[in-house]
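The block underneath contains the structure these notes are about, expressed in structure tokens.
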Amino acid sequence: MLDTLLIIAAAVFCVLLEMYLAHKPARWPGLVLPAAALLFSLLYPLNMADMGGDRGALIAQLLLVWLIANVPTAVLLAIYAAARRRVRRGRERDKMSAQDLG
């Protein structure tokens, strides 16, 4: 029970941290967590054991594990894209208001 709560708390913390980093003026801080999630997802297929079965089935399992492991990467990139769109819109609005004043 406590392990589940810790995992949920860590996931919520990562989402909130990504939201904070993605709203920074520079674009690179918001890409740190998605890049880390992508690199971490590459480790999952490496931990699979080959039991001597069909090669096609093994490759299918490797791809499936890799795709499932990339769900957090996709979520973090979606948060990043939404936040960057909002930052870009705000920057354009500031530019337009500066042109209206000048």
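Rule-based calculations on the coordinates, nothing more; no lab input. Please read all numbers here as calculations on a predicted model, not as lab measurements. Cβ: placed from backbone, ideal geometry, glycine included. Neighbour counts: every protein chain shown.
Quick notes on this one:
- Top-ranked residue of segment 17-40 - restricted to ones that are among the charged types (D, E, K, R) and closer than 11 Å to V87 by Cβ, ranked as farthest from the chain's Cα centre (by Cα): K24
- Picking from residues in segment 42-79 that are outside any helix (DSSP H, G or I) and small (G, A, S), the one that is nearest to Y20 (Cα to Cα) is A49.
- Any hit, segment 37-56, residues being charged (D, E, K, R), touching a helix residue (DSSP H, G or I) at 6+ places or on another chain (Cβ under 8 Å) and touching a residue at least 12 places away in the same chain (Cβ under 8 Å): no
- Pick from segment 67-79, criterion loosely packed, with under 15 Cβ neighbours inside 10 Å and not β-branched (V, I, T), ranking: farthest from the chain's Cα centre (by Cα): L67
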